[in-house]
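The values are calculated or read from the model by the stated rules, or taken from the named source; none is laboratory data. As the structure is a prediction and not an experimental result, all values here were calculated from the model. Here the Cβ is made from the backbone with ideal geometry for all residues, glycine too, and neighbour counts use every protein chain on show. Remember, those area values only see protein heavy atoms, side chains included, never the ligands or the DNA or RNA. Shrake-Rupley method; radii C 1.70, N 1.55, O 1.52, S 1.80 Å.
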Amino acid sequence: MSGHGTAHMAAGMIGYLALCAAFVVLVRPLAARGLSRWAVEPRVVPVAVLAGFMASAFSVLAFTAGAGLGLLWLSAVTTRLAAAPATR
């Protein structure tokens, strides 16, 4: 792998880890709003996202599926949080 390829993969790894960290951070606001089902799934989705990243060495489709799942789920969670009133 070239130097550019290595830098590209390293940047992708940082992006994937940041996406997974966002899911972990979003669990608490979801649970605070009483959205228990929505609070459980962000704990599972990062596993699929990271599996897609790790499988990228073998299949571009796995990489695309992992990235797509992560971004779609992030959109769904943020939309749900915006629609749910905050309780204190």
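For the chain, the share of accessible area belonging to carbon and sulfur comes to 73 percent (1.4 Å probe, ligands and nucleic acids excluded). Here the label points at residue 7 and residue 31, each 7 Å from Cα along the C-beta direction, are separated by 4.1 nm in the simple model.
Taking the average, over residues, of other Cβ atoms within 10 Å as the packing measure, peptides 55-63, 20-28 rank 20-28, 55-63 from highest down. Helix 60-83 and the long axis of the chain differ in direction by around 20°, with both axes built from C-alpha atoms. Relative to the dominant Cα principal axis of the chain, helix 3-32 is inclined by about 10°. Based on alpha-carbon atoms, the Kirkwood radius and the radius of gyration of the chain give Rg/Rh equal to 1.08.
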